[in-house]
Amino acid sequence: MSATLLAGPPAAAALLEDARARASRLARVPQLVLVRVGDDPASVSYVAGKQKKARETGLQSHVHVLPEQTTQAELLALLTALNADPEVNGILVQLPLPGHIDEKAVLDAVRPDKDVDGFHPVNVGRLWSGQVGSGQPGLAPCTPQGIMALLDFYGLTVAGKRAVIVGRSQLVGRPLAGLLLNADATVTLAHSRTADLAAVTREADFLFVAVGRTHLITPEMVKPGAVIIDVGINRLEREGQKAKLVGDVHPDVAQVASALTPVPGGVGPMTIAQLLANTVRAAEVQAAGQA
Ligand code: NAD
């Protein structure tokens, strides 16, 4: 068997097309505001990429760049102003923040109906009480929601299936568990303290891996015919060659699985597309006065 590749770009394009069509039905073009503190090179590149994609999708996007030594009070004051600005529909504070700023205090200060990253406790609660998705006020984190959109694009249904997630981060594993549960999967969340990980992963009809360890998942850990979603992004250093980006899943898993996301070009493109879909969702909810 050789697994079907679940490529991200066509699924991301479909998600963006839907976001663009929904945005065009609103009275005003939705606006995403990105906030970056300091000049961490990865953050500079992520924020620029998000703004570029927002504009390509026909959304308004503005970036606030604050110096590294910005105080927490100054950052919170900016968020208060953005929360109150009716022209701003979505707010994203790029992480990580400099060490002197309490990330949780900052994320908690974003108005829940503008929280396009879905990290605010109100949105976490909405996710776990099933209030996300079409017609619902909740906003869920972009990577796990993008994964659900990818499955949907490829016609893969999790209802009634055994879903195993490896990794329990706030960013990926935990919210993905909530979304899969809302979609009627039977969900297991495995992590660094899970005993006999292979026995757990072999149960999975759908295996989601978000750990950040090169080739952690090997063929003998996979049930024949399983669908594998590889969220991991790792740099594989190679002697005399450029480093290569690889996932958490060993390429030989393709001999056992029925379908597999590539790295790069799988989950990655879905994350940014989902951010823009969330911005349009936020604008719809605000326009309807639902929040
Ligand atoms: P994290 O470090 O916050 O969490 C990693 C999780 O893996 C933890 O819950 C930990 O318990 C678990 N873990 C660690 N070692 C383990 C082991 N040996 N066995 C089982 N579980 C183990 O990471 P994160 O932010 O969730 O990111 C995970 C990976 O996904 C990273 O490679 C990251 O770069 C990637 N990522 C990709 C995207 C994307 O858009 N493609 C988005 C977010 C994260």
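Number of residues in the stretch 169-193 that are within 15 Å of the ligand (Cβ to nearest atom) and surrounded by fewer than 16 Cβ atoms within 10 Å (Cβ to Cβ): the value is 4.
Of the residues that sit in the stretch 44-80 and are in contact with a helix residue (DSSP H, G or I) (Cβ under 8 Å, 6 or more places away or on another chain) and of a type in the set (K, R), which one is farthest from D102 (Cα to Cα)? The residue in question is K53. Within the set D85, D102, D115, the sole residue that is under 21 Å from the mean Cα position of the chain (by Cα) and of a type in the set (D, E) turns out to be D115.
Just one of the listed residues (G135, G118) is at pLDDT below 95 and in a loop (DSSP other than H, G, I, E, B), namely G135.
Answer yes if at least one residue in the stretch 232-239 is away from the ligand (no atom under 11 Å from the Cβ), of a type in the set (A, V, I, L, M) and open to solvent by less than 20 Å² (accessible area, probe 1.4 Å), and no otherwise. No, there is no match, as no residue in the stretch 232-239 is away from the ligand (no atom under 11 Å from the Cβ), of a type in the set (A, V, I, L, M) and open to solvent by less than 20 Å² (accessible area, probe 1.4 Å).
Only one entry in L216, L207, L260, L276 is near the ligand (Cβ under 10 Å from one of its atoms) and either in contact with a Gly (Cβ under 7 Å, 6 or more places away or on another chain) or of a type in the set (A, V, I, L, M) (or both), namely L216. Put simply, of V227, V166 the only residue that is more than 10 Å from the ligand (Cβ to nearest atom) and in contact with a strand residue (DSSP E or B) (Cβ under 6 Å, 6 or more places away or on another chain) is V227.
The values are calculated or read from the model by the stated rules, or taken from the named source; none is laboratory data. Fair warning: this is a prediction, and the values are worked out from it, not measured in the lab. Reconstructed Cβ throughout: ideal geometry from the backbone, glycine too, with neighbour counts over all protein chains shown. Keep in mind that these areas ignore ligands, DNA and RNA; they rest on the heavy atoms of the full protein, side chains included. Shrake-Rupley method; radii C 1.70, N 1.55, O 1.52, S 1.80 Å.
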